[in-house]
Amino acid sequence: MYRYAFNPYSLRWEIQLLRWGFFWRTMRGLSFEYLTDAETFTDQVGIAAHYREQRPFNHTPVTKEQADEQS
């Protein structure tokens with residue numbers, strides 16, 4: 001699994017991979033100013049094709065746009 005994490009110290013988005021089913025490891029040397037840049041990178045490199053993205057378990061759409069994305 002992988003996830004996007006916001007680093008409050010550098011104010012940038014990072015990609016983390018789940019290691020051994022227990023530890024989240026940040027990919028070194030990669031940080032993105034915008035979340036969309038991080039999502040584009042995972043698609044280009046192939047992370048999204050080989051791993052599942054971690055999503056919140058009980059996520060309910062807040063806006064109509066989010067509800068349309070899930071459909």
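The values are calculated or read from the model by the stated rules, or taken from the named source; none is laboratory data. It should be emphasised that the depicted structure is a prediction, and the values quoted were computed from it without experimental measurement. Quick reminder, even Gly has a Cβ in these numbers, built from the backbone with ideal geometry, and neighbours come from all protein chains shown.
List the residue pairs whose Cβ atoms are under 6 Å apart, where the first residue sits in segment 16-37 and is under 13 Å from GLN54 (Cα atoms), the second is of a type in the set (Val, Ile, Thr) and surrounded by 13 or more Cβ atoms within 10 Å (Cβ to Cβ), and the two are 6 or more positions apart or on different chains.
Final answer for the pair search is GLN16/THR26.
In segment 1-26, which residues are farther than 21 Å from GLU69 by Cα, touching an Asp or Glu at 6+ places or on another chain (Cβ under 8 Å) and surrounded by 15 or more Cβ atoms within 10 Å (Cβ to Cβ)?
ARG12, TRP13
Picking from GLU53, GLU69, which residue would you name as being acidic (Asp, Glu), out of contact with any strand residue (DSSP E or B) (no Cβ under 7 Å at 6 or more places or on another chain) and either more than 13 Å from ARG12 (Cβ to Cβ) or at pLDDT below 70 (or both)?
Answer to the check: GLU69.
Tell me which residues, restricted to segment 34-50, are at pLDDT below 85 and either of a type in the set (Ser, Thr, Tyr) or surrounded by 10 or more Cβ atoms within 10 Å (Cβ to Cβ) (or both).
ALA48
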